[in-house]
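Right, one structure below, let's go through it.
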Amino acid sequence: MDKILVDTNIVLDLLAKREAFLTEAQELFTLSDQNEVILCVSALTFANAYYILSQKLKLNDTRSVLRRFKILVKVIPLNEKIINLSLDSEFKDFEDAIQYHTSLENDIDIILTRNLKDFKLSKIPVLTARDYIKINF
């Protein structure tokens, strides 16, 4: 079973119901619900998702959405080593560096994102959710 890190943009596609990408996000998280894959997110993703969702939803609604979402994923802690590796990395985007080094430090098999170009330096396979689903299911 694949152990996958899901980038924040795909999480927000699902939680913020971004119309253009919602179907593939729903399909991906359904696979987790059916125990077909292990979906992981960085603790940073939870913080970012909370911030963005709280701009649109009431506080209690934001927390409720994230509580339900948490059932579908394993939250990977962010630690000093990951921060240091990210600060020293050649990734231009710091958040992407954190996602990448979180993946490396936690034996992730695949990173799923919509921003493939941001992960050009990755030694881990990087796919879109749509491509991952097409290839594997």
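The values are calculated or read from the model by the stated rules, or taken from the named source; none is laboratory data. Predicted, not measured: the structure shown is a model, and the values here were computed from it. No Cβ is skipped: glycine too gets one built from the backbone with ideal geometry, and neighbour counts run over all protein chains shown.
Of all the listed residues (Ile98, Ile71, Ile124), the sole one being at pLDDT 95 or above and within 17 Å of Asp2 (Cβ to Cβ) is Ile124. Exactly one residue among Lys74, Lys58, Lys3, Lys70 is out of contact with any His (no Cβ under 8 Å at 6 or more places or on another chain), of a type in the set (Lys, Arg) and closer than 17 Å to Pro125 by Cα, and that residue is Lys3. Going through (1) in a loop (DSSP other than H, G, I, E, B); (2) within 27 Å of Leu121 (Cβ to Cβ) one by one, Glu24 falls short only on (1).
Restricted to the range 1-21, and to residues there that are in a strand (DSSP E or B) and among the β-branched types (Val, Ile, Thr), the residue that is surrounded by the most Cβ atoms within 10 Å (Cβ to Cβ) is Val6.
Restricting Thr113, Thr62 to residues that are in contact (Cβ under 8 Å) with a residue 60 or more places away in the chain, among the β-branched types (Val, Ile, Thr) and within 19 Å of Arg18 (Cβ to Cβ) narrows the list to Thr113. Considered as a group, the residues in the range 96-126 that are acidic (Asp, Glu) and crowded, with 18+ Cβ neighbours inside 10 Å include one that is farthest from Thr45 (Cα to Cα), and that residue is Asp118. Taken over the range 1-35, the criterion of being without any contact (Cβ under 8 Å) to a residue 24 or more places away in the chain and either aliphatic (A, V, I, L, M) or touching a Pro at 6+ places or on another chain (Cβ under 7 Å) (or both) is satisfied by Ala20, Leu22.
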